[in-house]
Amino acid sequence: MTILDKIVAKKKIEVAAAKAEISLAELEKYPLYDRTCYALNESVLHADRTGIIAEYKRASPSKGVINAVSSVQEVVKGYQDAGASAVSVLTDPDFFQGSLADLTSAREVLTIPLLRKEFVIDTYQIAEAKAYGADIILLIAACLTSEEIRDFSSYAKSLGLNVLLEVHNEEELNRSIFDTIDAIGVNNRNLKDFSVSLDHSYDLVNKIPDRFIKVSESGISDPVTIRELKQVGYQAFLIGENFMKTDDPMEAIQAFVKEL
Ligand SMILES: O=C(O)c1ccccc1NCC(=O)[C@H](O)[C@H](O)COP(=O)(O)O
């Protein structure tokens, strides 16, 4: 069983428990559910922003605890002030020590798009994303069928959310392209064995149609890499650990941005 299989198995139990506790009808009455989302493409293409989607990440399956002390509001506000185009907040409790409360805390201090970084396997989680403050949902091709990607992205768009599709190889890309997707991210990390290689981004960039925002995800730790990825066609860059592993993620992103 791969780590992704374990995460998805646990997620099914978690989603069933959430549905039993709070119905969809109740979620739809949450104050944040009734709101216009910030547009990911506008923020990424905005001249004053960097293209960085900066992630709040306490822990991960590959690294264990990364940062147990920095508060979510302090960090995401620092990311925004440094010029991030969007912020990503992990909401998985078991493998990443995240929560929906983190998402709402981030929403309270942000005026840029907010991604619910989650393993979505059910439309209920998409409604949750809206109700707890996200503007963007992630659909990971490695744990979804083509039909699920079509249906989930269509439902997300009906709620006014932005959709980021994550792929790791050409097979996943070719079976996952729908007009209800806004951005396509190439994950440089293999979610089955944790190996990281930027070659995945370089290999796939020209196979992604230009109408989608192109995002390179994971394993980015050097501003020079951003310049190189921009040259081949990427507009956005998902970075977590490089900032979160420091004592001061706000200072770390500022220093990084100065070198771009
Ligand atoms: O980060 C992990 O160990 C991981 C393991 C299994 C599934 C997903 C995982 N990470 C999620 C992500 O995609 C990253 O948090 C994100 O792309 C940022 O990556 P990084 O800059 O390398 O922290």
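A few remarks follow.
- Of residues in region 98-121 being among the basic types (Lys, Arg) and touching a residue at least 60 places away in the same chain (Cβ under 8 Å), the one surrounded by the most Cβ atoms within 10 Å (Cβ to Cβ): Lys117
- Residue count for region 223-258, restricted to those that are in contact with a helix residue (DSSP H, G or I) (Cβ under 7 Å, 6 or more places away or on another chain), over 11 Å from Thr50 (Cα atoms), more than 15 Å from the ligand (Cβ to nearest atom) and not small (Gly, Ala, Ser): 2
- For region 88-121, taking the residues that are within 12 Å of the ligand (Cβ to nearest atom) and part of a strand (DSSP E or B), the one that is nearest to Thr50 (Cα to Cα) is identified as Ser88.
- Per-region count, region 176-204, residues away from the ligand (no atom under 16 Å from the Cβ) and surrounded by fewer than 16 Cβ atoms within 10 Å (Cβ to Cβ): 2
- Close contacts from region 18-33, counting a first residue that is touching a residue at least 40 places away in the same chain (Cβ under 8 Å) and a second that is surrounded by 14 or more Cβ atoms within 10 Å (Cβ to Cβ) and of a type in the set (Gly, Ala, Ser), with Cβ to Cβ under 6 Å and a gap of 6+ residues or different chains, come to Leu24/Ala127; Leu27/Ala127; Leu27/Ala131; Tyr30/Ala131; Leu32/Ala131; Leu32/Gly133; Tyr33/Ala131.
- Leading residue by the ranking (farthest from Leu164 (Cα to Cα)) among those in region 180-222 that are in a loop (DSSP other than H, G, I, E, B) and in contact (Cβ under 8 Å) with a residue 60 or more places away in the chain: Asp193
- Pairs with Cβ under 7 Å, 6+ apart, first in region 154-168 and within 13 Å of Tyr124 (Cα to Cα) and more than 13 Å from the ligand (Cβ to nearest atom), second at pLDDT 95 or above and basic (Lys, Arg): Leu159/Lys130
The values are calculated or read from the model by the stated rules, or taken from the named source; none is laboratory data. Not measured: the values here are computed from a predicted model. Please note: Cβ atoms are built from the backbone with ideal geometry, for glycine as well, and neighbour counts cover all protein chains shown.
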